[in-house]
Each structure stands twice: as structure tokens, then as C-alpha cells.
4 protein chains.
Amino acid sequence: MIKKKDSLVEKERNRQDLGFGTKMTDRQTRLITGNGLFNVRRVGQSFEAWLNLYNRLITIRWSTFIAMVFILYLILNLFFASLYYLIGVEHLVGVNMSNPVSQFWDAFFFSAQSLTTVGYGRIAPVGFLASFVAAFEALSGLMLFAFITGLLYGRFSRPNPRILFSRNAIIAPYLDTNAFMFRMVNEKSNQIINMTVSLDFSRVEEKNGVRNRQYYSLTLERSKVNFFPTNWTIVHAITEESPLYGETAESLAEVDAEFMISTEGVDDTFADVVHKRHSYFNDELIWGAKFKPMLETNHDESYILDLRKIHNYDLVSLNP
Amino acid sequence: MIKKKDSLVEKERNRQDLGFGTKMTDRQTRLITGNGLFNVRRVGQSFEAWLNLYNRLITIRWSTFIAMVFILYLILNLFFASLYYLIGVEHLVGVNMSNPVSQFWDAFFFSAQSLTTVGYGRIAPVGFLASFVAAFEALSGLMLFAFITGLLYGRFSRPNPRILFSRNAIIAPYLDTNAFMFRMVNEKSNQIINMTVSLDFSRVEEKNGVRNRQYYSLTLERSKVNFFPTNWTIVHAITEESPLYGETAESLAEVDAEFMISTEGVDDTFADVVHKRHSYFNDELIWGAKFKPMLETNHDESYILDLRKIHNYDLVSLNP
Amino acid sequence: MIKKKDSLVEKERNRQDLGFGTKMTDRQTRLITGNGLFNVRRVGQSFEAWLNLYNRLITIRWSTFIAMVFILYLILNLFFASLYYLIGVEHLVGVNMSNPVSQFWDAFFFSAQSLTTVGYGRIAPVGFLASFVAAFEALSGLMLFAFITGLLYGRFSRPNPRILFSRNAIIAPYLDTNAFMFRMVNEKSNQIINMTVSLDFSRVEEKNGVRNRQYYSLTLERSKVNFFPTNWTIVHAITEESPLYGETAESLAEVDAEFMISTEGVDDTFADVVHKRHSYFNDELIWGAKFKPMLETNHDESYILDLRKIHNYDLVSLNP
Amino acid sequence: MIKKKDSLVEKERNRQDLGFGTKMTDRQTRLITGNGLFNVRRVGQSFEAWLNLYNRLITIRWSTFIAMVFILYLILNLFFASLYYLIGVEHLVGVNMSNPVSQFWDAFFFSAQSLTTVGYGRIAPVGFLASFVAAFEALSGLMLFAFITGLLYGRFSRPNPRILFSRNAIIAPYLDTNAFMFRMVNEKSNQIINMTVSLDFSRVEEKNGVRNRQYYSLTLERSKVNFFPTNWTIVHAITEESPLYGETAESLAEVDAEFMISTEGVDDTFADVVHKRHSYFNDELIWGAKFKPMLETNHDESYILDLRKIHNYDLVSLNP
């Protein structure tokens, strides 16, 4: 009795799980998207967790970021211009008083000159209220640009590896058997070192009418390289021990097979640890193919790596 | 004799200790508070260690931080305004000389315009002393805002995981035995990877009339996941080897039992290593319960995780 | 013959070395100073390596740092003031032309107003040369304060653990033998986790008339704690296997014995890894002592740790 | 049959590979250059990956960086000056209208005063268009200097170890055999700890007419030191197990032998992990030499390390 308990507990302990659990068995839904993101949407987050302001401002596109800065600048100036207008533009010396529109615009430009602390002084505040708002605006401006300084640094200094993965994984002849292969390359000229990769295979298995997702880690020919200077073809030999042994394109499609890749390396410029995930769904797998070489020797000072060839392969017949 | 020595030394070496030592046996006092902080207060710190300025300014609430900046701005301007007033406002051209109050306010606003380096110039220093103080103030302002820039960056870029823990730990039926369980989830939409968790159990044991706190690490069904996309239920099976075997709510209360959790993961946005501690006191334990599912499949593009359900459980009967 | 070769190579491979090598056998010279620094001075560094500007500006005292900023500000303004004076102060409108001294000071303050970008405009450049220098000065000022912003952030954000070590290491009775002990505590209220410590013993050994320094790592009762909330007494039991077995104060003095400590932990505020080294020379060792407790239970919400007691011990007699 | 499959797969799995692959067999081309960079040039990068702006601006020389800032400043001011000139300098009050050249220069200096936010106000915008451009320019200036602030911080705070390697590796007598040796030293006065080093040997091997590059990791006498205070001589004993056993200068030249070094350590100032690569080509190897000592004991407070002697060796005869 106790034996059985232990053995059940032991068995569950040995089951592999990447962290997705067994319940994700939906036909139409991948576990990891093309960008390497987990395919899970959260609801019921607190406002702060949902907003996640810094992260969001760090990860949005540059064009969006620049546009947001300009729009914020416009809004703040409109807000403060309105404030000065309400206080009365007569408290700003130098304003063109000819008509309300030019008054407002001069208030607007005075605001811009205060927010950026350029403060030409052609327009300047007199009296308590206008001076007070201007003092407050200059402080706000400094805090805002302090924040933007931090954001710019954060955006640029964020470890941002550009690891390219071949569009398809392939099943290729390998030694006297076949192998699951894909390749990846560092697109940037940065030095990446101590690169490790792990490859997991997931499929849905039905038992007693219950569909559960199961995970298997696939043994690699080589899971770490000290240096990552060129393309690296990751190879899982389909020996008899492999969970892929005997599978076909059809059988993999039937069980919603997905291949998940985790990589980790060190970008030498800042000694940043960089991570990247990728996933190949079973329909992105080419059966019977061989990657074309990317490296060229030009008998010159350095080797040449042609990144445009990363996705290229030739169709070949597999080993029996 | 030597055998005994060795065996005593060996035995002590094998005793587990999380770092709290054996002396913390007070009935009313937890080891780790609800926020995951150590429940120890320091006295006799040096001023510098007590102040811990940067840390303090990084960890206070945003509202407090903003308020402190404004108050500091006010104080600095009052200080410099007084200085200019003492030097004589006649050394500031453009000051409204009609009465002392307006003189002081103009000195105040001149100070604000110098500190922020907006420097409209409507009011400007003439003569050595006023010019000197203004030159010093502008430098101080720049250093102050340089510091605030750093603080803002530090506050935002600090690894700040929002790991939610279920309010209660539960004793739930598990396979053909029972298990101690709690669950946790990443509240943010950031990707957390390589998440590890360790669970320790502590109780007070009396021996020869001396109460000592002892620590036991609890074996987990799974102590690491590569990815942390959804909720993760951490499971310690109460087999015969478990220190919890045969315990009841009453027996745990008697020995001041506390369960301590350490987690570590990598937030992928910045490749930050993030740590989080948590603790369940014995009175936060529900005997005979089962967590309600949080994940929903909507047969759509992505899975849905409802964070509001993290604390929810159903009462069930335990395995014998 | 080959056997012998292998055995010599193997033996050398097994010799412990902390990195100081065997040649540091000078009587008067410690390996590690009281501040945990290596006691080695470099000559023949390149200018850049010697200057090590950023590191130096990050690690100097705050008072020195502030003084340097002020002196640099003064020097830069004197330099630019001289430049404006050479160009001719008549190219600065608003300068008090009454005498050369006031001319120079107005040039000086104009420089300060340009460098800080406060730019009141009471004094302003006219003509190409003065305008050009002013444009250059404003740029220099911005770059300078950009640099100072970085320095301030670097100074504050640098992992700066304040680990206090007991002034003396002690030889104390321990179980039924004796032990080498010292203790340490985190002076700040930050949470430090995953703290590890290693203790090495070094002495000079003479063989065939050659004095060589040898190193021995000492086994600890406990070399890692998950949490570091209170004082931690590090214990090396002097069993028969210990290189300290049978040693006395006199015998240790004779061989220039030094005990070297390396600690590593994670400061939880920023998930910074922090390192600290320390060393006890043989004359800092108290034979026959016991540390006084530092932790107090006040039956209140939290435990109290009195840091002032870290160095306190009672003299006791040792086990035989 | 299956046996054979497994054995081939197993054999390939055991082949060492640093990440360069087997195809880099060109005679004239090193794998790692003198600066420790991978000798591979990428073509076909995306523009963004090629530009790699932040990395580039962080790693260029200081003189280039400063020059680029000045040139950018000049270009931006010329651009905005042209804009103001097109709008009409009559919209800038205070401009010297005497001739087009002085008009342009005043527009230029007004631009500089806006970009740096110094804004004296002697020249100031009036009217919508000029004011609008000025408001936009001040914003651009702030963003630009925010960016430069980040760059300066990034440049300075980047982990930048200065590990010096001896110009030559040597084959030296060692115990009763010979050894491959080189030495390295930390040129800066920073404390480097937990230093590890790995040494790999690569040669081209021909098999069935195919030239393949093979890699062998060389066993070191010592591959880690806790502290790195002085010079460290890395030693690979050429025992019978060594792939260098029986090799000569000629035989190594024939197979394009290259020795590759990877080091990793922790710079204690910021707890930065630092990496450094180096490579000795077979023609940089001195057969029969011994390094001269660098450390001096002056019976004073500290030991003296003379960095100028790092490359110095004496010729000696090798063990048979």
C-alpha cells in the first residue's frame, strides 16, 4: 500500500512539465507564439500590474515612443497655456495682446519655454499666480525629462539579442539515422558566448478519455557552445530512445505536436545574460531536407557569414 | 572518543538552518511577515546604514516620493529666497519693489527660475554676491535633478516582480495520499522563465526543557519550471518521509509551525533575476480543500488566465 | 618514470591556491587588508588603467566628490571667463563696464549662466566669437552634467553591502571539541539572501630551505544560509582533520597564519550579487572565548538585533 | 545495426566543438583575432542589426564619440538656423539685421541657445512659426541630451576589464615534464575575484581527403582562483594524455594550430561579471622559455607587482 503511494508520487515527480501544465490541449492554440511569447492572456490584473508602465514604455516601438513624447509635450503645453490664459495673460509680460488667439499662442509658447527650461524671457511671468504656475511647470518639465532620460537609457541598454531562427525545422538524414534540426544565428556583430539551448517536445495524449498535454525533453547532439560566432545547427538524433522515433508528419499533426526552444547566452558587450524562446509547430516541419551552408571562406582575413541563407534548404531523401 | 566528536560535529553539520538560527522561538512572532520580509528589527546601526538613503528613496511609495520632491523644491527655494532677501533684493533687477512681501516672492520665483535653470531673465542678478549665489544655486539645481534622474531610473528599472500567492495554503487530496499545496501566479504580462521554488517547514522543538526552532526542507513534486506562463500549484506530497506526516491543525499550532517559501526566476524583459519570499503561518492553512481552476480555453488564439480566482478553493474530504 | 611524472603533476594540481601564489611569504605583510582589499600595489600601469576614472569617481568619498564638482565648476568658469575677457567683454551686452574687475566677474557669471544653461540674458553674447564660445560652453555644460548624472546614479546604485565582521575571531569550545569562529551581520535593513561564506587558512611552510605560502580551505559547520536576517556565527570545528588541529597562538604566529574569508550574497532590493572579503591575522585571534548573544525576543511583533554587541565576547576555558 | 547507429551518434556527441564548427579550415585565417573577437564577418544583416546603434556608440573610442557629438551639434544648429532663416529672421527679435551673413549667424546662435535650453533671450522668437520651431527644437535638444546622458553612463559603466596577456605563450620545463604556459594580469587596481580560465586547442585534421577543424580542451593545473591579485601563470602540463604530447613547432604550424582562451571573473566594484577571450596562434609560441618574476617583496606594507614585465621571459632548455 505504502509502496504504491510512493510509486505514484514518484511517477508524478518524474513527469516532465515545462510550466504550461497538462490542461492546455486546445487544437487551435499554440503554447508559444512566433515571437517567443507565452500564448496566455491575463484577466483580472490590478490596474498597476496591467499598466506595467515602465515595461510598456521600454518595449513599445521607437516610432510609438517618439510620437507619445510629442503628444505628451503638446498636451502639457495646452494644459499650462490654458492655465496661464485663465490666470490672465496680462500676468505674462511680452505677450502679443492684439487678439485672444495670439494671446493663447503666446501663453502656449511661454509654457513650452518653461517646460523645457529654455526660458528666453521675451515672455515672462509677473505676479504671484503666474510665477507660481511657471515655477511648478519648470519643475514638472525637469521631472518629465528626467523620466524620459531614464526611459531612453532603459530602451537602449535593454539586452536585445537578435537571434534569427530558420523559418522551418527539418527532418534530415544524419549519420546513419535521421534527425530533427533547426538552425539559429546571431544577426548582430556582438560577441555572444556560453550559448546553451534546450529543445522540448510536447504532444497531447489521451488516456481514459482525458486529453492531457505531455512534455518530453529531446537529447541534443550538442546543447552548449562556448562561442556563437556563426550559424549553429541544433540536432536531435532520432534514435530508438527518441519520442519522435517512428513518428510521421500525420501522426504529429494528430497530437498537436509543438517543439519548444529555450536559449540562453551572454552578450559580451555588457556581459548581459540574454534569453530567447522559439517554437516550431508541427506544420512548420519539413520532412526530408538539408540546410544549405551559410559560411564562406574567401581566403581573406576573416570568414564570411551570409545571413540571408538562414532559411534555405535542399530537399533530400531520408535514411530508412 | 574521537568517533563521538566526529559524529556530534557531523550531526550539527547535517542540521538544517535557513539562517534564522534556533533561538527564534517566540510564540507571537513570525519569522517572515506577509510581505516576505524578515521579522527582525535592527538597533545600533550607524547613521549611514540606518539612513540607507538611496534604498529608502527607491522603495518608498510613488506618492511619498513626489511629495518629497515638491517639499524639497519649496524648502530650497525658501532658503535661497531668504538668502537673496538678506543680500538685498536691489541686487536682483526686475524685482517688484512695491512692498517687502512682493520683494520676497520675486526673490522666491527668481530662486525657482535659477534652480530649474529656466532663467527667464525678467529678474536677474547684478553684483557679485547675488550673482555668486545664483551661480551656486544653478549648480545645486543641476546636481539635484541629476540625482532625481537617477532615482527615477532606479525606481522604474528595479526588478519588481508581482508574484501573487494564494491567500491560504491547503491540505488537499493528492493521488492516493494528501499534500500540502499553495499556488502562485505572475500578475504581470512579462515573461518569467526558469522559475524555481523551495519550501521549508519550521517548528519549535523542546528537548531537555530548551525550546529550539528546527527547520525541514520539504520535497516538492516539482521545484522548477522553465516557463511560468500560468498559475503554478506547488505540491508537497505528505508521504511517510514528510515531517508533516501525521500532523493535524492542532499539533501544528502547538509547535508554532511556519511554512517558508523562496522563489527565484528571470524576468525576461531585462533578464533580471527576481526573488520573492512568502510565508504561511499554521493558522493560514486550510485542511481539506482543492483549488479551483484559473485557466480557460476559449478555443481562440490564446488561453485565458483569470487572476481573480487565485484564492478560490472548494472544501473536499482528505484521503485517509 | 611516467608514473612519477603523472603523480607530480597530479600533486601540484591538488595543491590549493587562492590566487596569491606561493611567493608571498613576507613577515610584515598581510595578504588581505582590513578593508578586504588585496595587499598588492601595481606599478607600470598604462595611464588609462592607472586613472581608471569612472571607478575612482564612483568609489571616492561623498565629500571629496562634491568638492571636486565645485572645484571643476570654478575652474571651468574661470577658464571661460578668461576666454570672454580675451575676446572682449564689449561682446557681452549687459556687462558692468565700470572697471576691469567687475568686467571679469560679469564674464565669470555669464560663463556660469551659460554652463548651467540658466541663461538669464541680462548678460548675453553678441557677435560671432562670443556667441560661438557661449554655444560651445553650453554644450560642454550639458555634457558635463550628463556625466555627473551618470556618476551620481553609479555612486548610489552600486551594490554596497555593509557586512559587519566581529573585530576578533575566537577559538571557542564547541560541542565536545573546539572551533574557530567569527561572526558577521548585515548592518543595513535590506534583505540579504542566499549568503555563502568560505574560509581559507594560509601559512608559510619551509621545505628544503624555501619558504612557500600554502593554503587550506577550512570545512564549515554551515557555509550557506538561505536568509541572512540576524547575526551569523561561522564555525570551523577543529577536528583531527583540521589543519588547525594541535596549533597554538604561538605556532600560528610563527608561520604567519592568516584566515581569509569570502562571502557572497544577493541583496534583494536590486537582486544585486554582493561580495565581501575579510581577513583575520593570527594576532586578531582570541583563544578561549564565547560570543555574547545579539538577538533579543521582546515578545512583540518582531525580534530585535542589537548590532553594537557584534564584537562582544566572554572569556571561557576551552575543551581539552 | 542499432548498436552502430547509437555508437555513431554517441561519438559525434562526444566530439568537442567550441562553436566554430569543423568547416573553418582556411590557412590564412585565425578563429579569434588579437582583440579576442571572433573572426567572422556578417553579410545580409537587416539595417537595424547592422547599425546596432547603441552598441556602436558605446564601443567607439572616446575621441570619436566626442567628435560625433560636436558634429551632430553643428549639423542640428545649421539645420535649425536654415529653418529660421527660411521662416524669416524678422521673426526673431534681437537679430543683427545688418547683412544676410550676420542674420544667419544670429539664427545659428539662437538655434544653439534653444537646443541647449540656455535661452538667453537676447534673440527670441515672435510669431507662431518661429516660436513653434523653437519649441520643437528645445524638445529635441532635451531628448538629445537625455540620450547622450544615457550613452555617457553606458560607456562608463560598461564592464571593461583590462586583462593583460603575455605577448607569447611558452613551452616551459615544468616539474619533470614540459608545459604550455601563458600568463595574465589585471592591469587595473580593481579587485577581480572568482576568476576562471579555460584553454582550448584547435587543429585541422585531414581524413579521407576532407580537412576538418577539431577542438580539444586542455587540462589545466589550476582553472580557477578565488582572488586575482597578481599575475597568474596558466599551466597545461604536456603529459602523455595531452594532445600536445610529441608535437613540435613545425608539426603545429602544419595543422594551423591555435590556442583559444576564455576567462571569466567578477569585478568587485560593481559585481560585474567580466569575460575576456584571447588566442595564441602557433607562431606566437616560444619553445623553451621561462617567465621572469613580476612580484616584488619590498618588506613594506604591501607587495609590488610590476606590470611592465608581463611579456618577459628567459630562454631555457626543455625537459627531454
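Points to keep in mind about this one:
- Taking each residue of the stretch B:207-219 that is within 17 Å of B:Glu12 (Cα to Cα) and looking for partners that are polar (S, T, N, Q) and outside any loop (DSSP other than H, G, I, E, B) with beta-carbon atoms closer than 9 Å, six or more apart or interchain, yields B:Arg213/B:Ser202; B:Gln214/B:Ser202; B:Tyr215/B:Ser202; B:Tyr216/B:Ser202; B:Ser217/B:Ser198.
- Selection of the stretch C:174-188 for residues being closer than 22 Å to C:Asp283 by Cα and among the basic types (Lys, Arg) yields only C:Arg183.
- Of all the residues in the stretch D:31-50, those that are among the hydroxyl-bearing types (Ser, Thr, Tyr) and in a strand (DSSP E or B) number 0.
- The single residue among B:Gln16, B:Gln28 that is at negative phi, loosely packed, with under 12 Cβ neighbours inside 10 Å and outside any helix (DSSP H, G or I) turns out to be B:Gln28.
- Total residues in the stretch C:1-12, condition assigned to a helix (DSSP H, G or I), modelled with pLDDT under 85 and either in contact with an Asp or Glu (Cβ under 9 Å, 6 or more places away or on another chain) or facing chain D (nearest Cβ under 8 Å) (or both): 4
- Residue match in the stretch B:70-77 (condition: of a type outside the set (A, V, I, L, M, F, W, C), under 30 Å from C:Phe156 (Cα atoms) and modelled with pLDDT of 95 or more): yes
- There is no residue in the stretch C:203-219 that is crowded, with 22+ Cβ neighbours inside 10 Å, away from chain B (no Cβ under 14 Å) and among the aromatic types (Phe, Trp, Tyr).
- From the options C:Val210, C:Val197, residue that is of a type outside the set (S, T, N, Q), assigned by TED's automatic domain parsing to the domain that holds C:Leu295 and over 30 Å from the mean Cα position of the chain (by Cα): C:Val210
- Checking B:Asn160 against (1) more than 8 Å from chain C (Cβ to nearest Cβ); (2) surrounded by 23 or more Cβ atoms within 10 Å (Cβ to Cβ); (3) under 30 Å from B:Asn35 (Cβ atoms); (4) not aliphatic (A, V, I, L, M), the condition it does not meet: (2)
- Residue check, B:Phe281 of a type outside the set (Lys, Arg) and more than 13 Å from chain A (Cβ to nearest Cβ): yes
- Criterion (part of a loop (DSSP other than H, G, I, E, B) and either surrounded by fewer than 23 Cβ atoms within 10 Å (Cβ to Cβ) or free of Cβ contacts under 8 Å to residues at least 12 places away in the same chain (or both)) met by exactly one of C:Arg122, C:Arg167, C:Arg183, C:Arg155: C:Arg167
- The residue pairs whose first member lies in the stretch D:269-296 and is farther than 20 Å from D:Thr233 by Cβ and assigned by TED's automatic domain parsing to the domain that holds D:Leu175, whose second member is among the polar types (S, T, N, Q) and part of a strand (DSSP E or B), and whose beta carbons are closer than 7 Å, counting only pairs six or more residues apart or on different chains, are D:His275/D:Thr263.
- From the options A:Val266, A:Val204, A:Val255, residue that is under 30 Å from D:Asp272 (Cα atoms), modelled with pLDDT of 90 or more and among the aliphatic types (A, V, I, L, M): A:Val266
- In summary, strands (runs of 3 or more DSSP E) completely within the stretch B:241-292 and bearing 3 or more residues that are of a type in the set (D, E, K, R) occur at B:258-267, B:272-281.
- Selected residue (only one of B:Ser82, B:Ser102, B:Ser114 is closer than 23 Å to A:Ser114 by Cα and surrounded by fewer than 22 Cβ atoms within 10 Å (Cβ to Cβ)): B:Ser102
- For the stretch D:271-301, filtering for residues that are of a type in the set (Gly, Ala, Ser) and more than 28 Å from the chain's Cα centre (by Cα) leaves 2.
- Under the condition of being surrounded by 19 or more Cβ atoms within 10 Å (Cβ to Cβ), modelled with pLDDT under 95 and not hydroxyl-bearing (Ser, Thr, Tyr), the residues counted in the stretch C:282-305 number 3.
- Enumeration of residues in the stretch C:18-50 that are of a type outside the set (Val, Ile, Thr), more than 17 Å from D:Arg162 (Cα to Cα) and more than 7 Å from chain D (Cβ to nearest Cβ): C:Arg27, C:Arg30, C:Leu31, C:Gly34, C:Asn35, C:Gly36
- Breaking point among (1) away from chain C (no Cβ under 11 Å); (2) in contact with a His (Cβ under 8 Å, 6 or more places away or on another chain); (3) farther than 20 Å from D:Gln16 by Cβ, for D:Ala271: (1)
- Matching option when the condition is polar (S, T, N, Q), under 23 Å from A:Ser157 (Cα atoms) and touching an Asp or Glu at 6+ places or on another chain (Cβ under 9 Å), among A:Asn282, A:Asn212, A:Asn190, A:Asn226: A:Asn190
The values are calculated or read from the model by the stated rules, or taken from the named source; none is laboratory data. Because the structure is a prediction, the values reported are computed rather than measured. A quick note on method: Cβ atoms are made from the backbone with ideal geometry, for glycine too, and the neighbour counts reach across all protein chains shown.
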